[in-house]
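*Asks:* So that we are looking at the same thing, I have put the structure below in structure tokens.
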Amino acid sequence: MPEVVLTCDWTMMSDHHGKEFLGFGTTTPAYILPEKAYQKLFFPVMDVDENGYPEQAPYGMRKVEASLLDAGVDARIVHPSYLHMYMPGKAKVLLVSGHDYFGLNPPSSTFAGVMRKDPLNCVNFKRMLSMPHVLEARRQGMKLIAGGPCAWQLSPATRMKVPWIGEFVEAIGGIDSVVEGEADIYVRDLVRKALADEFLPPHVVLTPKDAPKVEEISSIRYPSVNGLIEIGRGCCRGCSFCSVTTRPTRWYPLSKIEEELKVNQKIGIKKGLLHSDDVYFYGSPNVMPREDKLLPLLSLAKKYYPQVGWSHVAIASLMTRPKLLSKCAEILIDDHQSWWGVEVGVETGSPRIITAAMPGKVAPFKASQWPELVVQAAGLMNDNHVYPACTFIVGLPQETEDDVRMTIELIDRLWDFRAILVPMFFVPLGHLKTKDWFRRDRLSPLQQELLKRALSHGLRQSKTLMRDFFDWETEHKRAYRATFRGFVGFLQLITKMNGLWSSPDHPAERIRDPNLTPDRLPIPTIPMRE
């Protein structure tokens, strides 16, 4: 049995019915319905083998697992329900990861703030580390190391702002080391020290200079949840509220991507997700998409996955080469796939906020063009069978009531588009990490109206998207689809009964603007690492 065990809580160790977007359901509190009902809806139990090894596991954890295995460390990912097989007494080191340990990230913090209740991901993470066999293993000397994209939640600075986190950590016997950043290489030395019972640094922040080169990043050995495959890391747009923009941009070669596609195909995964902070400019040294790079990538993915989705795309990227999206659709849309989804960071309807907090987001266009860019990009995506999940930030430090009003106006212009709008309270990350969280008690009447309008849009569009989203055939899965339809209808009823439904008086018509063109400014080159 492995000496080093990696795990995460139950909300992450799930394939979410093969629908990555359903994972967002784990960022909500259990509201009215019991928690078991939410588990069946959003994070069904992952299949495991006789050793408790999950059939699929979160991609980031698979990367760390692969790095340790490549370094000769006896390490494996274990399902949280099977940790008792390894502790106390067998595993010497436990590595935990997560997207949102304590519900402080968006959108968890938004749902938790509005409903005044811990979200499911927070509840399950605390439950996992509080299991008797984990606590006993800690008492017997097992080392506990925490990492992942939400590791900042365990930093000394966060514990000062959120005292109950420190109280929880103390109650479970402490955490030996917390690592922030890309730890592909660093984790090897850290785990070796843990196995040798040497001193472990309590808190490590890896800088962009520590980011591994492409050839130093291990390829996954075992399948990732929903076939997610990373195609590159980093982002050049420099949004002040985002930590990803501090990392150098690196693109994986097709050979490295294909190696991981084969791992997932081997167990029969048929729906996969290409992941980067902007899939549209894969292989590009700047913010201009490269057709000669992107189209071969999509053709390669379709070779292994009948259905392919994207994790993220930028509005400005789409609009710099709008005709390229139709070429992407020609590759992806076929008898096996009628649409694909993607997350899009809209964030605001205000050009002033774009200039103040995220000027790179609009490049190579003008900030004044932002609302029109968003509307045109939404039309472009819908025309090419792309259904986006659009995020908005509520409560940025620079935000005024006029900015909120402009965002509501933009939501009204998106009212009839097939999309999901996701408003999120500001969380202090990136260059704004010294700021404070935006909370429910700070909501102005206008910001409350923004939340209502986005919620109403989402529930309204969910019904129209349901048929395409749930392309399930068996009677068992058709029953799940009916359950989700009932759940959305129930939420819509509750929303209207509680006066939370809000719709525009006159939704704006969609009119294409043929004069929308980029600035005549030089296109910046991204600092890249091969």
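The values are calculated or read from the model by the stated rules, or taken from the named source; none is laboratory data. Bear in mind that the values here come from a model prediction, so they are computed numbers and not experimental data. So basically every Cβ, Gly included, is an ideal-geometry build from the backbone, and we count neighbours across all protein chains shown.
*Asks:* Go through the range 280-294 and count every residue that is over 11 Å from residue 251 (Cβ atoms) and either surrounded by fewer than 17 Cβ atoms within 10 Å (Cβ to Cβ) or touching a residue at least 40 places away in the same chain (Cβ under 8 Å) (or both).
*Replies:* Qualifying residue count, the range 280-294: 6.
*Asks:* Mind listing whichever residues of the range 468-492 are at pLDDT 70 or above, within 25 Å of residue 391 (Cβ to Cβ) and out of contact with any helix residue (DSSP H, G or I) (no Cβ under 7 Å at 6 or more places or on another chain)?
*Replies:* 468, 489
*Asks:* Taking the range 148-193 only, how many residues are over 30 Å from residue 72 (Cα atoms) and in contact with a Pro (Cβ under 8 Å, 6 or more places away or on another chain)?
*Replies:* Of the residues in the range 148-193, 0 are over 30 Å from residue 72 (Cα atoms) and in contact with a Pro (Cβ under 8 Å, 6 or more places away or on another chain).
*Asks:* Of all the helices (runs of 4 or more DSSP H) wholly in the range 255-363, which have at least 1 residues that are assigned by TED's automatic domain parsing to the domain that holds residue 56 and in contact with a helix residue (DSSP H, G or I) (Cβ under 7 Å, 6 or more places away or on another chain)? Show your work before the answer.
*Replies:* Numbers: elements: 291-304, 315-320, 322-332, 351-357.
The helices (runs of 4 or more DSSP H) meeting that bar number zero.
*Asks:* Let me ask something additional. Given the conditions (1) free of Cβ contacts under 8 Å to residues at least 24 places away in the same chain; (2) more than 21 Å from residue 151 (Cα to Cα); (3) assigned to a helix (DSSP H, G or I), report the number of the one that residue 72 does not fulfil.
*Replies:* Status for residue 72: all satisfied but (3).
*Asks:* Residues that are under 30 Å from residue 397 (Cβ atoms), in a helix (DSSP H, G or I) and of a type in the set (A, V, I, L, M): does the range 236-247 have at least one? Full working, then the answer.
*Replies:* Initial filter on the range 236-247 (under 30 Å from residue 397 (Cβ atoms)): 236-247.
Narrowing the set further to residues that are in a helix (DSSP H, G or I) leaves 244-246.
With the extra rule that they be of a type in the set (A, V, I, L, M), the set shrinks to 244.
So far as the range 236-247 goes, yes, one or more of its residues are under 30 Å from residue 397 (Cβ atoms), in a helix (DSSP H, G or I) and of a type in the set (A, V, I, L, M).
*Asks:* Kindly indicate whether any position in the range 375-394 is over 21 Å from residue 317 (Cα atoms) and surrounded by 19 or more Cβ atoms within 10 Å (Cβ to Cβ).
*Replies:* Scanning the range 375-394 turns up at least one residue that is over 21 Å from residue 317 (Cα atoms) and surrounded by 19 or more Cβ atoms within 10 Å (Cβ to Cβ).
*Asks:* Same structure again: So which of 72, 103, 60 is at pLDDT 95 or above and at positive phi?
*Replies:* After applying the criteria, what remains is 72.
*Asks:* Could you tell me which numbered condition residue 25 fails, if it satisfies all but one of (1) buried (at least 24 other Cβ atoms within 10 Å of the Cβ); (2) not in a loop (DSSP other than H, G, I, E, B)?
*Replies:* Only one criterion in (1) buried (at least 24 other Cβ atoms within 10 Å of the Cβ); (2) not in a loop (DSSP other than H, G, I, E, B) is unmet by residue 25, namely (1).
*Asks:* Right, here's the next one. Conditions first: (1) over 26 Å from residue 348 (Cα atoms); (2) of a type in the set (Asp, Glu); (3) out of contact with any Asp or Glu (no Cβ under 9 Å at 6 or more places or on another chain). Residue 278 passes all but one, so which condition is the exception?
*Replies:* (1)
*Asks:* So which residues in the range 189-205 are without any contact (Cβ under 8 Å) to a residue 24 or more places away in the chain and touching a strand residue (DSSP E or B) at 6+ places or on another chain (Cβ under 6 Å)?
*Replies:* none
*Asks:* Would you be able to say whether some residue in the range 44-56 is at pLDDT 95 or above, crowded, with 21+ Cβ neighbours inside 10 Å and of a type outside the set (Asp, Glu)?
*Replies:* yes
Table: residues versus (1) within 26 Å of residue 107 (Cα to Cα); (2) more than 22 Å from the chain's Cα centre (by Cα).
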position: 324; (1), (2): no, yes
position: 333; (1), (2): no, yes
position: 351; (1), (2): yes, yes
position: 362; (1), (2): yes, no
position: 367; (1), (2): yes, yes
position: 371; (1), (2): yes, yes
position: 376; (1), (2): yes, yes
position: 386; (1), (2): yes, no
position: 397; (1), (2): yes, yes
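*Asks:* Hey, residue 397 hits all of (1) surrounded by fewer than 18 Cβ atoms within 10 Å (Cβ to Cβ); (2) in contact with a strand residue (DSSP E or B) (Cβ under 6 Å, 6 or more places away or on another chain); (3) not charged (D, E, K, R) but one; which does it fall short on?
*Replies:* The failed condition is (2).
*Asks:* For the condition surrounded by fewer than 20 Cβ atoms within 10 Å (Cβ to Cβ) and within 28 Å of residue 66 (Cα to Cα), what is the one hit in 130, 177?
*Replies:* From the options 130, 177, the qualifying one is 130.
*Asks:* Scan the range 222-243 and tell me whether some residue there is touching an Asp or Glu at 6+ places or on another chain (Cβ under 7 Å) and surrounded by fewer than 17 Cβ atoms within 10 Å (Cβ to Cβ).
*Replies:* no
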